[in-house]
Structures are given as C-alpha cells and as structure tokens.
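Student: Below you'll find the structure I mean.
The values are calculated or read from the model by the stated rules, or taken from the named source; none is laboratory data. As the structure is a prediction and not an experimental result, all values here were calculated from the model. With ligands, DNA and RNA removed, areas are computed over all heavy atoms of the protein, side chains included. Shrake-Rupley method; radii C 1.70, N 1.55, O 1.52, S 1.80 Å.
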Amino acid sequence: EKSIVIIGAIGKPDLFITMTGNYKWQEIQENLINNTDWHSNALLVCSVFWLKLQELLDDIVNKELFGPVVSFIYSIEFQKRGMPHAHILITLK
C-alpha cells in the first residue's frame, strides 16, 4: 500500500530489484553448527540476509550506486523452500 502512495506522489520507480538469499553464502556455511543444514538455522540465515540487504541498500541509497535516490521501499518475503528474498522499488532523481 505504501508503494502506491509513493508512486502517486513521486512517480513510477526507476528500478525494481529482487535480492534472494543463498544458503551457500560463506557466512552461512562457516557458521552452521555440528554439520546441520541451513533449514535448521533460520536465525542465522535471516541475520546474514538482513546484513547483506542493508549493505546493498547502503550502496544504492547512501553511496548512490545508480545516482541520487529520491525514494525507496522494500518488502521481505520467504520462498516456499524457506529462503528470504526482498523486492526493492527505487526512484532516482
């Protein structure tokens, strides 16, 4: 709902980015306890995903990877297999 308000006020987003978590990320693989699989470590998977998402947003918004950002909004969901993913809408100046 918020994205519709933003689009109405600012205009259509310039970028639609989807970021998907990956259980093969080094940070996840190195921290699995007692050879458990990633399904058993939801907190670890979500924490790593969150940190990587924040790093991506920092690159885009604060470091202006694609140029100055007017607005952005994102939504985090979980796939059927349990891995998180985010949909990000970005409006550039």
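Student: Semi-axes, largest first, in whole Å: what does sqrt of 5 times each Cα gyration tensor eigenvalue give for the chain?
Tutor: On the way: eigenvalues 189, 42, 13 Å².
Computed over the chain, the values are 31, 14, 8 Å.
Student: Take every DSSP beta bridge with both residues inside the chain and express the antiparallel ones as a percent of the total, to the nearest 5. All intermediate terms of the calculation are to be shown ahead of the outcome.
Tutor: On the way: 15 of 16 bridges.
Taking every DSSP beta bridge with both residues in the chain, the antiparallel ones total about 95 percent.
Student: Moving on. Size of the stretch 49-93 along its principal axes in angstrom, Cα-based, largest extent first?
Tutor: If we take the Cα atoms of the stretch 49-93, the spans are 36, 17, 11 Å.
Student: Express the accessible area of the chain per residue in Å², computed with a 1.4 Å probe while the remaining protein chains stay in the model.
Tutor: Working: 6360 Å² over 93 residues.
Result: 68 Å² of accessible area for each residue.
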